[in-house]
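Structure first, commentary second.
The values are calculated or read from the model by the stated rules, or taken from the named source; none is laboratory data. Just so it is clear, the model here is predicted, and its values are computed rather than measured. So basically every Cβ, Gly included, is an ideal-geometry build from the backbone, and we count neighbours across all protein chains shown.
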Amino acid sequence: MLLLPRRYAVVGQMTQRIFEAALAGCLPLTPADIHAAHRFTPRRLHVRDRREVLALVGELRRIGGGPPMRD
């Protein structure tokens, strides 16, 4: 999950975390309220709340062949 200070999010200032995630082979789930988030990551990786985070992580685990998430 790409987390950054609110003052960065409102102006669309991304931190180095996006590069660290990519170099580590992680998909950067991105809070949808980051200004111009679509410029940093595909919209498919944008999440608005914890429900969407859990659903997307569950879907990614399923695609990757991992065990299903528990509720």
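Here are some notes:
- Asp49 vs. criteria loosely packed, with under 12 Cβ neighbours inside 10 Å and of a type in the set (Asp, Glu): yes
- Condition check for Ala37: modelled with pLDDT under 95 and within 12 Å of the chain's Cα centre (by Cα): no
- Those residues of region 5-52 which are more than 25 Å from Gly64 (Cβ to Cβ) and of a type outside the set (A, V, I, L, M, F, W, C), in sequence order: Pro5, Arg6, Arg7, Tyr8, Gly12, Gln13, Thr15, Gln16, Asp33, His35, Arg39
- Figure legend. Inter-residue proximity from region 13-34: first residues of a type in the set (S, T, N, Q), second residues in a helix (DSSP H, G or I), beta-carbon distance below 7 Å, spacing 6+ or different chains. Indicated pairs: Thr15/Tyr8; Thr30/Ala37; Thr30/Leu45.
- Taken over region 41-71, the residue count meeting the criterion of being part of a loop (DSSP other than H, G, I, E, B), at pLDDT 95 or above and either touching a strand residue (DSSP E or B) at 6+ places or on another chain (Cβ under 8 Å) or not charged (D, E, K, R) (or both) is 3.
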